[in-house]
Amino acid sequence: MTMPYEQIAVDREGTVAWITLSRPDRLNALTATMSGELESAFRDAGTDERVRCVVLTGAGRGFCAGQDLTEFEAAYRSGKRPDIAEHLRTSYHRMIPVVVQTPKPVIAAINGVAAGAGLSLALACDIRIASDEAKITQAFVKIGLIPDSGGSYLLPRAVGYSKALELSITGDLIDANTALEVGLVSRVAQAATFRDDVTELAYRLASMPTLAIAATKSLLQGAPHLTLQDALEKEAAIQAEMGRTADHLEGVNAFVEKREPRFEGR
Ligand code: T3D
């Protein structure tokens, strides 16, 4: 089933929603329209009970080249600079938290170049799998900007402060294997089998206990801000909820009956 959008495509294939950035001639650079559409598509995927895994990818040879640098061309050319803070607040600041908080596993399938806010978008996803043809750059510094759209927060959490700073102040374009070495992506797949490899991972995640995955995301995202004692208490409270799910019962029964579990995400 395909949902109608202008700059992205959303296709639900069984339990997996594929969200595809669809401006291939611009390497899927982000516009305000695209940001709004992503926000809406991720909200829908989050609430659609049929969806148990979301994949974000790009059409054509790019994943996402970051902010569309032509969006404010007229303002720049006339010498009137755009109000960047306002633009960030009304687009990325709405969309990025929705991606991060999606209560389903979210895979960034980095099929090609990811730059600037395109990298931030990938970092907002839970698992990053890169094609061996992908390239990644914190492009911001090359146009005199700092990492935004969550990049200053998400990148150090993925690769540590030192590597995050190096990538951010050099703007180096790194290949997929270097991204794997520094922990920016968790796996690299050959371009020829990329879609199949991502699909296999997506269905595997979609067959897991979806509520436990949502709770694990929320727990891990909040944990750095807690004391150990508070984290233990939070674990106990959430574990009590998980203990009441059908998937917990199914998991335990399948174990004792020595069979594969059939989780339903409830
Ligand atoms: O205003 C605010 O809100 C500030 C927020 C900023 C957030 C950001 O994301 S800042 C960073 C913005 N992104 C960049 O600076 C990256 C710019 N692009 C590049 O450096 C290169 O295109 C890449 C390294 C990503 C890929 O290089 P390559 O050689 O593979 O492709 P290409 O030939 O440069 O690009 C192909 C086409 O896409 C080309 O158009 P053309 O010549 O065929 O008509 C190019 O202009 C277009 N394109 C690529 N990136 C962007 C873009 N068009 C608009 N905006 C882009 N970001």
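The values are calculated or read from the model by the stated rules, or taken from the named source; none is laboratory data. All of these numbers come straight from a predicted model, not from anything done at the bench. So basically every Cβ, Gly included, is an ideal-geometry build from the backbone, and we count neighbours across all protein chains shown.
Is it true that some residue in region 253-263 is touching a helix residue (DSSP H, G or I) at 6+ places or on another chain (Cβ under 8 Å) and surrounded by fewer than 13 Cβ atoms within 10 Å (Cβ to Cβ)?
Looking only at region 253-263, we keep the residues that are touching a helix residue (DSSP H, G or I) at 6+ places or on another chain (Cβ under 8 Å), and these are 260-263.
Add one more test, that the residue is surrounded by fewer than 13 Cβ atoms within 10 Å (Cβ to Cβ), and what stays is 260, 262.
Yes, some residue in region 253-263 is touching a helix residue (DSSP H, G or I) at 6+ places or on another chain (Cβ under 8 Å) and surrounded by fewer than 13 Cβ atoms within 10 Å (Cβ to Cβ).
Of the conditions (1) over 25 Å from Thr170 (Cα atoms); (2) modelled with pLDDT of 95 or more; (3) more than 10 Å from the ligand (Cβ to nearest atom), Glu86 fails just one. Which one is it?
Going through the list (1) over 25 Å from Thr170 (Cα atoms); (2) modelled with pLDDT of 95 or more; (3) more than 10 Å from the ligand (Cβ to nearest atom), Glu86 breaks only (3).
If I ask for residues that are within 11 Å of the ligand (Cβ to nearest atom) and part of a helix (DSSP H, G or I), which ones from region 120-141 would you list?
Within region 120-141, Ser120, Leu121, Ala139, Phe140, Val141 meet the criteria.
Among the residues of region 92-119 satisfying the criterion of being part of a loop (DSSP other than H, G, I, E, B) and in contact (Cβ under 8 Å) with a residue 60 or more places away in the chain, which is nearest to the ligand (Cβ to nearest atom)?
Just the residues of region 92-119 that are part of a loop (DSSP other than H, G, I, E, B), to begin with: 101-105, 111-112, 116.
Then drop every residue that is not in contact (Cβ under 8 Å) with a residue 60 or more places away in the chain, which leaves 101-105, 111-112.
Working: Gln101: 21, Thr102: 21, Pro103: 27, Lys104: 26, Pro105: 25, Asn111: 13, Gly112: 8 Å.
Only one residue fits best here, namely Gly112.
Thr193 passes all but one of (1) surrounded by fewer than 17 Cβ atoms within 10 Å (Cβ to Cβ); (2) within 15 Å of Pro105 (Cβ to Cβ); which number fails?
With (1) surrounded by fewer than 17 Cβ atoms within 10 Å (Cβ to Cβ); (2) within 15 Å of Pro105 (Cβ to Cβ) applied to Thr193, the lone miss is (2).
Can you name the number of the only condition in (1) more than 11 Å from the ligand (Cβ to nearest atom); (2) touching a residue at least 40 places away in the same chain (Cβ under 8 Å); (3) of a type in the set (S, T, N, Q) that Ser152 fails?
Just one mismatch for Ser152, condition (2).
Search region 67-81 for residues that are under 20 Å from Gly36 (Cβ atoms) and within 10 Å of the ligand (Cβ to nearest atom) and pair each with any residue that is assigned to a loop (DSSP other than H, G, I, E, B) and of a type in the set (A, V, I, L, M) when their beta-carbon atoms are under 7 Å apart and the residues are at least 6 apart or on different chains.
Listed by first residue and then by second, the contacts come to Gln67/Ala29; Asp68/Ala29.
Just to verify a result, which residue in region 86-117, among those that are among the polar types (S, T, N, Q) and closer than 30 Å to Met208 by Cα, is surrounded by the most Cβ atoms within 10 Å (Cβ to Cβ)? Steps first, answer last, please.
Restricting attention to region 86-117, the residues satisfying the condition of being among the polar types (S, T, N, Q) are 90-91, 101-102, 111.
If we keep only those that are closer than 30 Å to Met208 by Cα too, we end up with 101-102, 111.
Details: Gln101: 16, Thr102: 23, Asn111: 27.
Across region 86-117, the extreme among qualifying residues is Asn111.
May I ask you to list pairs of residues, at least six apart or on different chains, whose Cβ atoms are under 9 Å apart, with the first in region 251-266 being closer than 22 Å to Ala214 by Cβ and the second being modelled with pLDDT under 95?
Once the first residue is closer than 22 Å to Ala214 by Cβ and sits in region 251-266, no partner that is modelled with pLDDT under 95 comes close enough.
Inspect all residues belonging to region 37-55 and state whether any of them is surrounded by 20 or more Cβ atoms within 10 Å (Cβ to Cβ) and within 11 Å of the ligand (Cβ to nearest atom).
Taking region 37-55 as the starting set, the residues that turn out to be surrounded by 20 or more Cβ atoms within 10 Å (Cβ to Cβ) are 37-38, 41-42, 45, 51-55.
Subsequent filtering for residues that are within 11 Å of the ligand (Cβ to nearest atom) retains none.
No, the conditions are met nowhere in region 37-55.
How about region 135-182: which of its residues are surrounded by fewer than 16 Cβ atoms within 10 Å (Cβ to Cβ), in contact with a Ser or Thr (Cβ under 8 Å, 6 or more places away or on another chain) and hydrophobic (A, V, I, L, M, F, W, C)?
Correct list: Ile146, Leu173.
Residue by residue through region 212-228, note down the ones that are surrounded by 13 or more Cβ atoms within 10 Å (Cβ to Cβ) and more than 19 Å from Pro97 (Cα to Cα).
Ala212, Leu226
Look at Leu220 and say whether it is free of Cβ contacts under 8 Å to residues at least 12 places away in the same chain and of a type in the set (A, V, I, L, M, F, W, C). Step through it out loud before you land on a result.
On the way: free of Cβ contacts under 8 Å to residues at least 12 places away in the same chain: yes; of a type in the set (A, V, I, L, M, F, W, C): yes.
The answer is yes for Leu220.
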